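Q: Structure provided below as structure tokens; questions to follow.
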Amino acid sequence: MSWIPNQIENLQCSIHEIAHRAHRNPKDITLVAVSKAQDIEKIKIARTCGLVHFGENYVQEFLKKWPGFNSQPLQWHFIGHLQTNKVKDIVGKVVSIDSVDRINLIQKIESECAKIKKTLPVLLQINIGEETSKSGILPNQFVTFVKALPPFTFVKIQGLMAIPPQTSDPEHTRSYFKKMFALFCQAKEEFPNFDWRELSMGMSWDYPIAIEEGATQIRIGSLIFGKRST
């Protein structure tokens, strides 16, 4: 685990260099460390290196980790597929749910947030590659989806998230990132009542291209923690 600080330093330098090349401010890009299936000790090391935002995919795994960080609070993002019956377990513990793709899920989040009278940011997950194996709102259904949203008080829609199809050449994801950025701009124009501030896209293998194409959040796992424990 001694390599983690060096990995983080190299990654942060890379993010700065790529952002400057793309004429962007590196401070506008949030690094979310994907910590699923990683040892708690690895997460603690990453935290001591200055990382604040961490992403978890599975509710039960997250609930096992969460109590261990009360003394050094982290900004937990839930980034996996979320069942409505699990919403109550994470509301009040995460700073954002970044994988919202169903209206009934938004309604459940609103209901649970209302119970504790706390707002919760969410990102809408877009199935940008239109893959049957992935969750998410299809791009051609995005406008209809947003128009169909019921009124809510505690849920705060703040952006979009996508996982493009993985290919042997990361450059092939550029077209998907371009489509996501176009959809992000469309959302800002057509639905100005929402605070569209985050575009979460890009992982360990393709984050440089995502930054070049406008990502405000990148989700990095293996480049920080190495191979998963399980």
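Q: When residues of region 125-140 are filtered for being surrounded by 13 or more Cβ atoms within 10 Å (Cβ to Cβ) and not in a loop (DSSP other than H, G, I, E, B), how many remain?
A: Total meeting the criteria: 4.
Q: Scan the helices (runs of 4 or more DSSP H) fully inside region 1-82 and keep the ones with 1 or more residues being within 18 Å of residue 200 (Cβ to Cβ) and in contact with a strand residue (DSSP E or B) (Cβ under 6 Å, 6 or more places away or on another chain).
A: 59-65
Q: Considering only region 150-202, state which residues are in a loop (DSSP other than H, G, I, E, B) and among the acidic types (Asp, Glu).
A: If the condition is that a residue be in a loop (DSSP other than H, G, I, E, B) and among the acidic types (Asp, Glu), then 169, 195 are the ones that fit.
Q: So, of the residues in region 83-103 that are part of a helix (DSSP H, G or I) and of a type outside the set (Lys, Arg), which turns out to be farthest from residue 221 (Cα to Cα)?
A: 103
Q: Confirm whether residue 34 is surrounded by fewer than 19 Cβ atoms within 10 Å (Cβ to Cβ) and within 19 Å of residue 211 (Cβ to Cβ).
A: Taking the combined requirement at face value, the residue does not satisfy it.
Q: Shifting gears a bit: Give the residues of region 158-171 that are closer than 22 Å to residue 95 by Cα and touching a helix residue (DSSP H, G or I) at 6+ places or on another chain (Cβ under 8 Å), sorted by residue number.
A: Listed by number, the residues that qualify are 159, 160, 162.
Q: I'm trying to understand the selection: among the residues of region 37-59, which are small (Gly, Ala, Ser) and surrounded by fewer than 22 Cβ atoms within 10 Å (Cβ to Cβ)?
A: 37, 50
Q: Also: Name every residue in region 97-119 that is in contact with a strand residue (DSSP E or B) (Cβ under 6 Å, 6 or more places away or on another chain) and farther than 25 Å from residue 140 by Cα, in order of residue number. Give the steps one after another, and end with the answer.
A: Of region 97-119, the ones in contact with a strand residue (DSSP E or B) (Cβ under 6 Å, 6 or more places away or on another chain) are 97-101, 106, 109-110, 113, 119.
Within region 97-119, 110, 113, 119 meet the criteria.
Q: A follow-up question, please. Please work out which residue is nearest to residue 86 (Cα to Cα), limiting yourself to region 30-57 and to residues that are β-branched (Val, Ile, Thr) and in contact with a helix residue (DSSP H, G or I) (Cβ under 6 Å, 6 or more places away or on another chain).
A: Within region 30-57, the match that is nearest to residue 86 (Cα to Cα) is 40.
Q: Answer with yes or no whether residue 155 is out of contact with any Ser or Thr (no Cβ under 9 Å at 6 or more places or on another chain) and within 23 Å of residue 180 (Cβ to Cβ).
A: Taking the combined requirement at face value, the residue does not satisfy it.
Readers should treat all values here as calculations from the given coordinates under stated rules, not as data from a laboratory. Everything numeric here is computed off the predicted structure, so don't read it as measured data. Cβ sites come from the backbone with ideal geometry, for glycine too, and all protein chains shown count toward neighbours.
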